[in-house]
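Taken together, the values in this text are just the output of simple stated rules run on the coordinates, not laboratory data. From a predicted model like this one, the values you see are computed outputs, not experimental measurements. Don't worry about glycine lacking a Cβ; one is built from the backbone with ideal geometry, like all the others, and counts go over all protein chains shown.
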Amino acid sequence: MRVILKKDVKGLGKINEIVTVKDGYAKNYLFKNGLAVMVNDKSLNDLNNTLTKQAEFEAEQVKKFTEIKNKIEKINLEFKLKTNKDKAFGAVSVTQIIDELKSKHKITIDKFMINNQDKKFDLGVHIIQIELYKNVVAKLNINVKPE
């Protein structure tokens with residue numbers, strides 16, 4: 001029997017996939033627990049409408065976050081650290097970068113969006129990768145100078 005999954009089912013498939021299962025499994029488990037519906041004209045039409053709406057939403061999100069990405073990539077943040085003979089006291093943290101973006105550029109990001117292994121940045125120029133959305137990654141330039 002062919003069914004459309006309404007939720008992810010481990011070992012079977014993901015939401016909105018059409019899969020073939022045994023009749024007993026579909027009737028006694030999938031339908032009973034609201035995990036799937038039988039494939040028919042109405043359910044296929046509903047699935048197509050859902051997938052169309054999801055695609056439109058994804059396109060809107062990608063467009064929105066691409067605009068933010070373009071803004072971020074034009075920004076060069078500068079920070080100053082106290083130094084002693086080219087050795088910095090401390091480092092610039094992710095929190096400081098987020099605060100600077102929010103206060104001066106009105107761009108709000110979350111610390112989990114930053115992909116860099118280093119979470120502290122000392123003297124020099126750094127490029128930080130910020131994953132804004134699926135496959136939308138902005139590169140922010142940070143310049144840390146001696147005070």
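Have a look at 101, 51, 35 and tell me which one the Gaussian network model of the chain (Cα, springs below 10 Å) gives the largest fluctuation.
Largest GNM mean-square fluctuation: 35.
About the Cα centre of the chain, how large is the charge dipole given +1 on each Lys and Arg Cβ and -1 on each Asp and Glu Cβ? Please answer in debye to the nearest 20.
Roughly 240 debye, rounded to the nearest 20.
Cα centroid distance between segment 1-37 and segment 44-72, in Å?
26 Å
Once the Cα atoms of helix 41-73 and of the chain are each reduced to a long axis, what angle between those two axes, in degrees from 0 to 90 to the nearest 10, is obtained?
0 degrees
With N set to the residue count of segment 46-124, report its C-alpha Rg divided by 2.2 N^0.38 Å to two decimal places.
That ratio works out to 1.60.
Can you give me the relative contact order of the chain as a percent, contacts being Cα pairs under 8 Å and 6 or more apart?
Reported as a whole number, the value is 21 percent.
Under the Karplus relation 6.51 cos²θ - 1.76 cosθ + 1.60, θ = phi - 60°, what is the ordered set of whole-Hz ³J(HN,Hα) values for segment 97-110, x standing for Gly and Pro?
Result, rounded to whole Hz: 5, 4, 4, 5, 4, 6, 6, 8, 10, 6, 10, 9, 10, 9.
Using only the alpha carbons of the chain, what is the convex hull's orientation-averaged projected area in square nanometres?
Value for the chain: 12.0 nm².
Report the antiparallel proportion of the DSSP beta bridges in the chain as a percent, rounded to a multiple of 5.
80 percent
In segment 1-60, if every C-alpha pair distance is counted and binned at 10 Å from zero, what percent goes to each bin?
Spelled out bin by bin, segment 1-60 gives 24, 51, 20, 5, 0 percent.
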